[in-house]
Amino acid sequence: MRRLSDATLASLPASVGRPRYDRAAIRPGIVHLGLGAFHRAHQAVMTEAALNAGARDWGIVAASLRSAETRDALAPQDGLYTVATREDDREALQVVGALHGLHVAPEDPAALLRAMADPGIRIVSLTVTEKGYCHDPSSGSLDEAHGDVRHDLAHPGAPRSAPGILVEALRLRRAAGIPAFTVLCCDNLPANGETVRRVVTRLGALRDPALGAWIGGEVAFPPTMVDRIVPATTADDRARIAAALGAADAWPVVGEGFSQWVIEDHFPLGRPDWALAGAEFAADVAPYELMKLRMLNGAHSALAYLGYLAGHETVAEASNDPVFAHYLTLLWAEIAPSVPAPPGVSLGDHAARLLARFRNRALRHRTWQIAMDGSQKLPQRLLGPLLLALAEGRPSPCLILAVAGWMRYVIGTDEAGAAIDLRDPMLPALRAACGPGLHHPEEVARRLLGVAGIFGPDLAGHPTLPADLGNALALLVRDGARKALSRLGDPGGTARITGG
Ligand code: CS2
């Protein structure tokens, strides 16, 4: 079968969207770090809208920070790829042309740094996942003992971490008298702009106090909330999309119809007109971000652990199970008081919309995928709302079950006794804490609470939480996740979801 490429673009079926501009006339304005599916289905699609509307100097140069896989898939297709938007039985295809250069950082860090130091680049955006920032998730500070941080301090010209790459590129610009690019973190981190500023400024200061001060003073780190559900692409996706295109695409991406981007409009060197694609600009992004991290991502993580344990392979399977749907409604009612609703948003309507999005059966979003890297996700998704509920004396059985679900999951065997393929940067510490095993749930809960970097002293030292988590974990071990959830009552008849 022929391959998707500039040469085959014109012969795709008429129903497939494609670049409406001359790709050869585009100059790069953005370097993006982290060439995963999410970037290609979210920010790149929004930038494509600006290119389609006539912008010429906002092409994207994209870099993978680890493997060459995506570059190897996309380079033979001139950087083109398909975005498939799926809602139940409907699917729309769009070929995106916004990528105008592909790097693999470990192969040639100098080439990536040169691209970032080019005066034409005005924004460096990132989707490197939570763990890519080398920070301590419970405090949000740079983890100075992190292997990649130590590497980048020892070899500053050939950095391998995202903060190390940003610091070196900014140093090169400063030395050459080129204004700093804007750093746009598009990961689900709490206060993402501020968190990345803290981490990058600190790493800069460790290299040279003057560089740290310059980064702190000169570089804009606007906060942003990003939202679109984009599961990992499957072999079925590739086959179906190739058949529809009449051309092979080695790495299409698949997402839901919903897509939201809320950004603080602070781009000293300019930005593409992302509003053309529906991006919103807000003076205060914090309420959108808290709502996203706690309502959507918090529920996602709860479903990931408890759903996986109950044998649900995907989010759609779990959310279409009435026991889990009921649990979600109760969970959102517990989380909502910790969320300051953004202007004009009803949290009840928001929760109903989330349930409909989760139930989209056209997406095979694996619970196992979302369960990855729990140590990096739990604090902002579940522990923040739990801490507030404890402080305000609100009972939180669903949040406690979600956290206990994570504990049950990291013990490493499922309810049928099969090993779980655990992925987490803190795996050695988690495994050590889980040593006492399934027969000693209270002890496991107590030890996991003490793992540095996840819970923080307020939760680990709380007078009642350790016992409550131990009991919830014991319940999950004894009865299994589904049975434990099926016992949750709803004393008010219908859970009331009200804002905080
Ligand atoms: C998910 C997110 O993998 C995960 O942890 O919760 O990727 C989620 O799908 C997105 O944030 C939705 O916008």
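Just to check, using Stokes-Einstein with a Kirkwood Rh over alpha carbon pairs, what's the diffusion coefficient of the range 6-281 at 10 °C and 1.306 mPa s in µm²/s?
Details: Rh = 19.0 Å.
Rounded, D is 83 µm²/s.
Ratio of the range 401-500's C-alpha Rg to 2.2 N^0.38 Å, to two decimals?
Values: Rg = 14.7 Å, N = 100, 2.2 N^0.38 = 12.7 Å.
Ratio of Cα Rg to 2.2 N^0.38 Å: 1.16.
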Exercise. Mind checking the dipole of the chain: about its Cα centre, +1 per Lys or Arg Cβ, -1 per Asp or Glu Cβ, Debye to the nearest 20?
Worked result: 320
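For the range 286-486, how big is Rg over Rh, using alpha carbon atoms and the Kirkwood form of Rh? Could the numbers behind the result be given before it?
Numbers: Rg = 15.7 Å, Rh = 16.7 Å.
Using only Cα positions, Rg/Rh for the range 286-486 is 0.94.
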For this session: State the answer as a single residue: which of A37, A98, P13 lies farthest towards the positive end of the charge dipole of the range 1-123, with beta carbon charges of +1 for Lys and Arg and -1 for Asp and Glu, about the Cα centre.
Result: A98
Exercise. Just for the chain, what percent of DSSP beta bridges are antiparallel, to the closest 5?
Worked result: 35
For this session: Step through the residues of the range 7-12 one at a time and calculate ³J(HN,Hα) from phi using the Karplus curve (6.51 cos²θ - 1.76 cosθ + 1.60, θ = phi - 60°), rounding each to whole Hz and writing x for Gly and Pro.
Result: 5, 9, 3, 5, 9, 6
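When the accessible area of the range 286-486 is computed with all protein chains present and a 1.4 Å probe, what percentage of it is carbon and sulfur? Provide the component values of the computation, followed by the final result.
Details: 4020 of 7180 Å².
Carbon with sulfur: 56 percent of the solvent-accessible area.
Relative contact order, percent, of the range 6-281 when contacts are C-alpha pairs under 8 Å separated by at least 6 residues? Intermediate results must be reported in sequence, preceding the final value.
Details: 545 pairs, mean separation 62.3, N = 276.
For the range 6-281, the relative contact order is 23 percent.
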Seminar exercise, completed: Log entry: pair-distance distribution for the chain, C-alpha pairs binned every 20 Å from zero, whole % per bin is 23, 55, 22, 0
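Place the peptides 42-51, 191-200 in order of packing, highest mean first, counting for every residue the other Cβ atoms within 10 Å and averaging per peptide.
Values: 42-51: 24.3, 191-200: 22.2.
Put in order of decreasing packing, that is 42-51, 191-200.
Given the -39500 (n - 2.57) contribution per DSSP H run of 4+ residues, what per-residue ellipticity at 222 nm results for the chain, rounded to the nearest 500 deg cm²/dmol? Can you show the working numbers first?
On the way: 23 runs with 213 residues, N = 500.
Helix contribution divided over all residues of the chain: -12000 deg cm²/dmol.
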Seminar exercise, completed: For A248, other-chain or 5+-apart residues with amide H closer than 5 Å (H placed, Pro excluded) are R2, R3, L4
Exercise. From the residues A402, N360, H326, which one has its Cα farthest along the dipole of the range 286-486 in the positive direction, the dipole being from +1 and -1 charges on Cβ of Lys/Arg and Asp/Glu about the Cα centre?
Worked result: N360
Exercise. Projected onto the charge dipole of the range 6-281 (+1 at Lys/Arg Cβ, -1 at Asp/Glu Cβ, origin at the Cα centre), which of T129, L245, A145 gives the Cα projection farthest towards the positive end?
Worked result: A145
For this session: Let me have the relative contact order for the range 196-351, percent, based on Cα pairs under 8 Å that are six or more residues apart.
Result: 17
Exercise. Per residue, how many Å² of accessible area does the chain show with a 1.4 Å probe?
Worked result: 37
Seminar exercise, completed: The value for the range 131-188 (convex hull of the alpha-carbon atoms, volume per residue, Å³) is 88
Problem set entry | Alpha-carbon Rg with Dmax, taken over the range 276-348, Å | 14.4, 43
Exercise. Kirkwood-based Rg over Rh for the range 291-394 (C-alpha set), two decimals?
Worked result: 0.96
For this session: Would you work out the relative contact order for the chain, in percent, from Cα pairs under 8 angstrom that are 6 or more residues apart?
Result: 15
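The values are calculated or read from the model by the stated rules, or taken from the named source; none is laboratory data. Only a predicted model underlies this, so the values are computations on that prediction, with no experimental measurement involved. All Cβ positions, glycine included, derive from the backbone under ideal geometry; neighbour counts span all protein chains shown. When the accessible area is computed, the model is the full protein with side chains, heavy atoms only, and any ligands, DNA or RNA have been set aside. Shrake-Rupley method; radii C 1.70, N 1.55, O 1.52, S 1.80 Å.
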